[in-house]
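Structure first, commentary second.
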Amino acid sequence: MLLQQFPELATELAPGRAAPGPRVPAPPPADLAERLREEREEALLLRQRHGLVAPGHSAAPLRLHISDTIRDITDGVIELEEAVRDRLGLPRVRRAQVPERLRRIAELLDGVSADPVLAAHVRDETRRMARRCARALGDTETVVRVSGRCPWCDSVSLRAFPDRDAVLCVNPGCRCPEPLCGCHDDPAYRHTWDAGEWERTTTEGKDGR
């Protein structure tokens, strides 16, 4: 999702487009504005720590929350790729734009998955950046209630997300039996089935009955 949506930030950065695109982000609500302010401060401190911006720098882009999102994700992807390659004992690679860096990280996922600590870090960082990107673009995802009970927690909390072609349980207490699944150590994560997995799960459930 991040790979697909990140290029759209550049389009949203320029105000006054001649033809409106499919999504026109409204000013962020108060709670979102506060989160963005906190993230801007965190990103600014990070860039200052690395000497990327002078303390007190306050240039105001035309769309500050979009500009800050681009910088935050760019910094985050660069640092993530460097961390992955360092952990896997791989040499540094040439500089590249965010989409190419994301594709290079994706090519290393077999090695990443073999290291539970690294896998959790990659999962958490990519999820954080994808959420930030989606918020900046004003995305709202379609959610459809799914009949039946969750096979793990037996609650009626199943939801389908057609855009992702996925099903998940929104019960905060739900835990799947897979020890490496993020639902065990990340309160914001929910076990997710893609369409094929969900079809197999429901078929097995019917056969079991």
**Message:** Can you pull out every residue in segment 181-195 that is modelled with pLDDT under 75 and either β-branched (Val, Ile, Thr) or farther than 18 Å from Arg131 by Cβ (or both)?
**Reply:** Ala195
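Condition check ((1) among the charged types (D, E, K, R); (2) closer than 24 Å to Gly138 by Cβ; (3) modelled with pLDDT of 85 or more) across all residues:
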residue	(1), (2), (3)
Thr11	no, yes, no
His50	no, no, no
Ala60	no, yes, no
Arg71	yes, yes, yes
Glu100	yes, no, yes
**Asked** In segment 61-105, what residues are without any contact (Cβ under 8 Å) to a residue 24 or more places away in the chain and either crowded, with 18+ Cβ neighbours inside 10 Å or among the small types (Gly, Ala, Ser) (or both)?
**Response** Gly89, Ala96
**Complete:** Going through segment 109-124 in order, the residues found to be open to solvent by less than 40 Å² (accessible area, probe 1.4 Å) and either part of a helix (DSSP H, G or I) or at pLDDT 95 or above (or both) are Gly111, Val112, Leu118, Ala119, Ala120, Val122
**Message:** Filter segment 129-162 down to the residues that are within 28 Å of Leu90 (Cβ to Cβ) and open to solvent by less than 70 Å² (accessible area, probe 1.4 Å) and list them by number.
**Reply:** Met129, Ala130, Arg132, Cys133
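The values are calculated or read from the model by the stated rules, or taken from the named source; none is laboratory data. For clarity, every value in this text was computed on a predicted model and none was experimentally measured. FYI the Cβ positions are ideal-geometry reconstructions off the backbone, even for glycines, and counts take in every protein chain you see. Ligands, DNA and RNA are stripped out before the accessible areas are found, and what is left, the full protein with its side chains, is counted by its heavy atoms. Shrake-Rupley method; radii C 1.70, N 1.55, O 1.52, S 1.80 Å.
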